[in-house]
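Remarks on the structure that follows.
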Amino acid sequence: MNVGLEHYLTVSAMLFCLGLLGVILRRNVLVIYMSLELMLNAANLALVAFSRFNENLTGQMMVFFIITVAAAEVAVGLALIVALYRKRQSAHVEDLTSLKL
Amino acid sequence: MTLPDLLFYVFAFLTLLFGALVVANPFSRNPVTSAMFLVLTICALAGLFVLLNAFFLAAVQILVYAGAVMVLFLFVIMLLDLKEEQRRKINLFGIVTGTGAVLGLGFLLMRTIWAGELEQAGNPRIIGDTKALGFELFTKGQFLLPFEIVSVLLLVAMVGVILLSKKELK
């Protein structure tokens with residue numbers, strides 16, 4: 001069976017689910033953040049696959065912008081984590097519940 | 001089975017294996033290990049991009065993600081100097097419901113993807129190299145405004161990070 005769009009989308013979906021599992025199950029803020037990156041990359045893979053199999057470069061342009069925004073997002077997010085760690089001395093989500101009612 | 005097909009299975013397997021090791025590593029709970037496996041995941045994904053003829057994006061993926069972003073991650077991990085975190089009591093209810101939800105989502109996605117014939121070009125000849133992407137980005141006019149907005153966004157992120165990293169957060 002030839003490798004087609006379905007196969008790439010399957011890999012993308014599985015990678016997305018892995019990332020989501022990490023966000024839900026892990027308790028370390030940094031690892032949660034890495035799992036978010038995993039989900040972002042899964043979306044990128046789906047877009048590139050669509051771009052290739054529909055013979056249209058727009059999908060790849062989208063990925064180009066996503067990578068740029070992700071880089072900015074990582075910088076801001078990590079700065080937030082560092083600021084949070086300075087205040088609480090912990091990078092554990094169960095210690096960061098001051099917004100909880 | 002042709003060589004690209006074989007390479008697809010190799011890279012797909014590597015991507016999913018390393019991705020799983022980022023999320024749950026049976027040997028180590030250290031964030032540095034997760035970060036290293038994330039680098040490997042990204043490199044395997046770049047391999048998949050090459051198979052999809054997206055050469056420019058594969059290079060950018062390695063340079064920006066595996067290079068810049070992961071260095072940032074490692075810097076922060078080492079800056080925080082996390083103690084070997086003691087095992088906390090596991091929330092079994094959370095694990096079961098969370099895994100159930102993710103499995104449900106995965107099942108739904110698989111059913112959708114494999115529901116019927118997807119519309120796709122038989123033998124695609126699209127090449128995503130630097131020239132083609134630059135042409136698409138700068139000459140068609142469609143992406144000129146987003147491009148400028150992204151540059152402003154990067155500036156905003158830079159200023160925001162400097163503000164957030166100040167000693168006293170007001």
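Throughout, read-outs are computed from the coordinates displayed, never taken from laboratory work. Because the structure is predicted, anything quoted here is derived from the model rather than measured. With ideal geometry, Cβ positions are generated from the backbone for all residues, glycine too; neighbour counts draw on all protein chains shown.
A few remarks follow.
- Here the contact order of chain A, divided by its residue count and restricted to Cα pairs under 8 Å and six or more residues apart, works out to 27 percent.
- Label sites at B:LEU154 and B:MET110, each approximated as a point 7 angstrom past Cα along Cα to Cβ, lie 4.1 nm apart.
- Taking A:GLU55, B:GLU136 and counting other C-beta atoms within 10 Å, the order from fewest to most: A:GLU55, B:GLU136
- Candidates B:LYS131, B:LYS140, B:LYS89: whichever shows maximal mean-square fluctuation once chain B is modelled as a Gaussian network with Cα springs under 10 Å: B:LYS89
- Chain B: C-alpha gyration tensor shape, a/c 1.5 cut-off, then a/b vs b/c: oblate
- Remark: segment B:10-26, residue by residue, has Karplus-estimated 3J(HN,Hα) of 4, 5, 5, 4, 4, 4, 5, 4, 5, x, 5, 6, 5, 6, 9, 9, x Hz, where x stands for each Gly or Pro and the curve is 6.51 cos²θ - 1.76 cosθ + 1.60 at θ = phi - 60°.
- Cα gyration tensor, segment A:5-95 - rounded (a/c under 1.5), prolate or oblate: oblate
- Between B:ARG29, B:ARG111, B:ARG125, the residue with the greatest mean-square fluctuation in the GNM of chain B (Cα pairs under 10 Å linked by springs) is B:ARG111.
- GNM top mover of A:LEU80, A:LEU30, A:LEU18 - chain A, alpha-carbon springs below 10 Å: A:LEU80
- Per residue of chain B, the DSSP helices (runs of n ≥ 4 H) give a summed -39500 (n - 2.57) that works out to -21500 deg cm²/dmol at 222 nm.
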